[in-house]
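The values are calculated or read from the model by the stated rules, or taken from the named source; none is laboratory data. Since this is a predicted model, take the numbers as computed values, not measurements. Glycine gets a Cβ as well: all are built from the backbone with ideal geometry, and neighbour counts include every protein chain shown. Accessible surface areas use protein heavy atoms only, side chains included; no ligands, DNA or RNA. Shrake-Rupley method; radii C 1.70, N 1.55, O 1.52, S 1.80 Å.
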Amino acid sequence: MDVYLDTGEEPDKPRTRIQEINRSAILVAALDVFSIHGFRGSTVDQIAQRAGMSKPNLLYYFRRKQDIYRAVLESILADWLAPLEALDAEGDPIEELRRYISLKMRMSADNPAASRLFANEVLAGAPVIGEFLATHLKELVLRKAAVIGHWVQSGRLAPIDPVHLIFTIWATTQHYADFDAQIRAVLGQQIDRPGYREQAAQAVLSIILNGIRPRQP
């Protein structure tokens, strides 16, 4: 699924390899800075310093801090929505949802800063991505909910609400990034032990998948 939030760049203008490398470095640095200081507390100077480049060089790629922020959110959305887009109507429902949940758990664990930045944007009322959520995201969710609904109607899944299943998957998997401090307060050092991520993923998979398997007559 293509995601474009009008970052102020020229989307049709091809970039050189060096430009792609520098742009990626800026976005990685910006995610770190925004996730720590928030949008208002972050500065272009901080992002340039984290990216290892001068402020004038950074401004060659992005005119304003707002443009960098939009580009970071665009990158997050593109990564996060790809697994949902890949949900295959012709596949086995349980295995398709197992793959989707597993990917979401892995993404949450591998890049918690992205999850928290997105959550903060939504909690603030989605001032930057509100239109995208109400259009492109809504279209994707309804389209994939129709796939899940067909699985339900054909008896391949238990009778559940498809949209709320998607919401539940999002809430559960992203909880491990967004509420890391709360999880650490409850589990303590367990969270840093080998195998914890796999254990958490299996627990979430069991809870969700056992709840949506077809009921035996």
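For segment 34-79, taking the residues that are of a type in the set (A, V, I, L, M, F, W, C) and in contact with a Lys or Arg (Cβ under 7 Å, 6 or more places away or on another chain), the one that is nearest to A126 (Cα to Cα) is identified as V44. Picking from residues in segment 48-65 that are without any contact (Cβ under 8 Å) to a residue 24 or more places away in the chain and more than 16 Å from E20 (Cβ to Cβ), the one that is surrounded by the most Cβ atoms within 10 Å (Cβ to Cβ) is A48. Selection within segment 12-47: residues that are of a type in the set (S, T, Y) and within 28 Å of D178 (Cβ to Cβ). The member of this set that is least open to solvent (accessible area, probe 1.4 Å) is S42.
Of all residues in segment 149-164, those that are free of Cβ contacts under 8 Å to residues at least 60 places away in the same chain and either assigned to a helix (DSSP H, G or I) or in contact with a Leu (Cβ under 8 Å, 6 or more places away or on another chain) (or both) total 7. Of the helices (runs of 4 or more DSSP H) lying entirely inside segment 54-135, the ones with 1 or more residues being over 22 Å from I36 (Cα atoms) are found at 55-61, 65-85, 93-110. Counting the residues of segment 132-148 that are open to solvent by less than 70 Å² (accessible area, probe 1.4 Å) and either free of Cβ contacts under 8 Å to residues at least 40 places away in the same chain or closer than 24 Å to E90 by Cα (or both) gives 11. If you check I207, I183, I166 for being β-branched (V, I, T) and exposed (fewer than 14 other Cβ atoms within 10 Å of the Cβ), only one passes: I207.
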